[in-house]
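These notes are about the structure you will find just below.
The values are calculated or read from the model by the stated rules, or taken from the named source; none is laboratory data. All values reported here derive from a predicted model rather than from experimental measurement. All Cβ positions, glycine included, derive from the backbone under ideal geometry; neighbour counts span all protein chains shown. What goes into the accessible areas is simple: the full protein's heavy atoms, side chains included, and nothing from ligands, DNA or RNA. Shrake-Rupley method; radii C 1.70, N 1.55, O 1.52, S 1.80 Å.
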Amino acid sequence: MKIFIIDDHDIVREGLRLVLELKQQNEVIGEAENGQEALKMLETLEPELILLDLNMPVLDGIGVLRALKKSGRHIPVIVLTTYKEKYMLLEAVELGVKSYLLKDAKRSVIYETINKVANDETWFPPDIEEAITVAKDSQANKLFLTQKELIILNYLSKGLKNSEIADKLFISERTLKNYLTVIYEKLDVKSRTQALSVAIEKNLI
């Protein structure tokens, strides 16, 4: 299998190359240290699998996935990272990644994951499945609140007073109180403290 590694750490790329090429069927045909360099190399490379870091300088993994989707190229991608920010992970899944592999994964897990993807399977470890579910739930919860209501919640979480929040939003305190009433109703709470507790529980802030 022809594999292309995209990661900004030399030691990660070198380690992966050594592990992957212990299997005769694997050949690392290219390495890139950021998304921009990777897209340039993909103009000539024809990999059968991409191992992609999400958190990179210049252009991150999400940018690469978007570019691949826009180009219409269907190359299986395994997200390779220690980056567990759930919203980035969810977006990567929505952009079609086939699996997720932690950089400190055991050799056997790396081989197993690649074999699954080679067989056209989409597979995520249980902890990643859980993170994706949490992110989806949070995304669904946010649909019940407007953008301004989410901004107000964020200000509340920073401990700002009503007058300070009103000033930042260029509205009166009376208008802000109306917003808070609506937020409390949507979250089924009666106070700022309860609102923040629910917001944290639902990953709204």
Inset, instruction - Taking 7 Å along the Cα-to-C-beta vector as the label spot, tell me the Gln36-Thr133 distance in nanometres, rounded to one decimal. - result: 4.0 nm
Legend entry - Of Gly15, Gly61, Gly159, the one that fluctuates the most in a GNM where the chain has Cα springs shorter than 10 Å: Gly159
Inset, instruction - Find the centroid of the Cα atoms in the stretch 1-76 and in the stretch 166-205, then give the distance between the two in whole Å. - result: 44 Å
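With a cut-off of 8 Å between alpha carbons and a minimum separation of six or more residues, what is the relative contact order of the chain in percent? Don't jump to the answer; show the numbers that get you there.
Details: 247 pairs, mean separation 28.0, N = 205.
Rounded, it is 14 percent for the chain.
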Inset, instruction - Could you tally up the Lys pairs in the stretch 1-133 with alpha carbons closer than 22 Å? Skip any pair fewer than 8 positions apart unless they're on separate chains. - result: 27
Legend entry - For the chain, built as a Gaussian network whose Cα springs stay under 10 Å, the top-fluctuating residue of Arg66, Arg174, Arg107: Arg174
Inset, instruction - Compute the accessible area per residue over the chain, keeping the other protein chains in place, probe 1.4 Å, unit Å². - result: 57 Å²
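Going by average Cβ neighbours within 10 Å, how do the peptides 116-129, 93-106 rank, with the highest at the top? Numbers along the way, then the final one.
On the way: 116-129: 13.6, 93-106: 17.6.
Per-residue Cβ counts within 10 Å, averaged per peptide and sorted highest first, yield 93-106, 116-129.
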Legend entry - Gyration tensor verdict on the stretch 1-134 (Cα atoms; rounded if a/c is under 1.5, prolate if a/b is larger than b/c, oblate otherwise): rounded
Inset, instruction - Using θ = phi - 60° and the Karplus relation 6.51 cos²θ - 1.76 cosθ + 1.60, list the HN-Hα couplings for the stretch 184-192 in order, rounded to whole Hz, with x at every Gly or Pro. - result: 4, 5, 5, 8, 6, 10, 10, 8, 4
Inset, instruction - Order the following by accessible area, largest value first: Thr175, Thr44, Thr82. Probe radius 1.4 Å; ligands, DNA and RNA are ignored. - result: Thr44, Thr82, Thr175
Legend entry - Protection proxy ranking, peptides 3-14, 179-190, average beta carbon neighbours within 10 Å, highest first: 3-14, 179-190
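Once you keep just the Cα pairs under 8 angstrom separated by 6 or more residues, what percentage relative contact order results for the stretch 1-100?
Numbers: 160 pairs, mean separation 26.4, N = 100.
Reported relative contact order: 26 percent.
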Inset, instruction - Check each of the GluC sites (Glu not before Pro) in the stretch 16-93 and keep only those in coil by DSSP with at most 13 other C-beta atoms within 10 angstrom; list them in order. - result: Glu21, Glu43, Glu85
